[in-house]
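Heads up: the structure comes next, in structure tokens.
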């Protein structure tokens, strides 16, 4: 069974630009979560979607947004990029029903803001 | 609110030696506890989890962890490490029903030959 796929894997942007990252979950998984990973900070929760509805969100500014489509694929968008947005953005999927706890992570999209 | 503290940012250990990676958490409500591993240039992979029941949890690759409610700890152990265990290890907690995981800052395990 194919794993979680994130695109693009690497990208470079300049301050003020916006970026859209994509995540295709494991087939049958309806929950998609997004995390920002930076050195020394670990993983910070951005938001979680289930059946196109945002069920929870972290403490990030409104420049960070996301959505989920009817096929469970998800996108996250960051507008007006800042240098501090440089990070590895990880997407994770799960069945989303019950709470067995296992998240399946993609390899991430590494964003560099210049 | 919940928080997770991984006290050691880096742990060097010789091959075939035992290792313990420490994790402490803070929460006013019951939580689920997890350990994930991240190999270079990869996403995270679940090692083991504690939801309820026996406080000693066994995971993949010979790892185990013990939940200690009184000390709010969930330390990860392996009796004999291999070079291939070199990776970053993350402890995480989740409050049931929130679908949100709080991760620690990670511990880099470096296994030396």
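Taken together, the values in this text are just the output of simple stated rules run on the coordinates, not laboratory data. Computed from a predicted model, the values in this text were never measured in an experiment. Reconstructed Cβ throughout: ideal geometry from the backbone, glycine too, with neighbour counts over all protein chains shown.
Arranged from fewest to most other beta-carbon atoms within 10 Å of their beta carbon, A:82, B:88 become A:82, B:88.
How many Cβ atoms of partner chains, on average, are near each residue of A:34-45 if near means within 10 Å of its Cβ?
Whole-number average of other-chain Cβ neighbours for A:34-45 is 4.
Rg of the Cα atoms in chain A, relative to 2.2 N^0.38 Å, amounts to 1.00. Footprinting exposure proxy ranking of A:32, A:78, fewest other C-beta atoms within 10 angstrom first, gives A:78, A:32.
Residues considered: B:78, B:69, B:49. Largest GNM mean-square fluctuation over chain B, using C-alpha springs under 10 Å, is found at B:69. Extension gain, residue A:54 to residue A:82, is 7.6 nm, computed as 0.36 nm per intervening residue step minus the present C-alpha separation. Entry for the protein assembly as shown at q = 0.11, 0.13, 0.17 Å⁻¹: log10 I(q)/I(0) = -0.55, -0.76, -1.24, Debye formula applied to identical alpha-carbon scatterers, no solvent contribution. When the Cα atoms of region B:63-113 are aligned to their principal axes, the ranges along those axes come out at 43, 22, 14 Å in descending order. Distance distribution P(r), chain B, all Cα-Cα pairs, bin width 5 angstrom from 0: 2, 12, 24, 26, 19, 10, 4, 2, 0 percent. Taking label positions 7 Å along the Cα-Cβ direction at both residue B:14 and residue B:27, the computed distance is 3.8 nm, reported to one decimal. Label positions at residue A:73 and residue A:17, each projected 7 Å from the Cα along the C-beta direction, are separated by 2.2 nm.
Among B:98, A:14, sorting on how many other beta-carbon atoms sit within 10 Å of each Cβ, with the fewest leading, yields A:14, B:98. Among A:52, A:102, A:75, which one moves the most in a GNM of chain A with springs linking Cα atoms closer than 10 Å? Its mean-square fluctuation being the largest, the pick is A:102.
Using a Gaussian network model of chain A with C-alpha springs under 10 Å, which one of A:16, A:28, A:62 is most mobile by mean-square fluctuation? Comparing A:16, A:28, A:62 in a Gaussian network model of chain A, the most mobile one is A:62.
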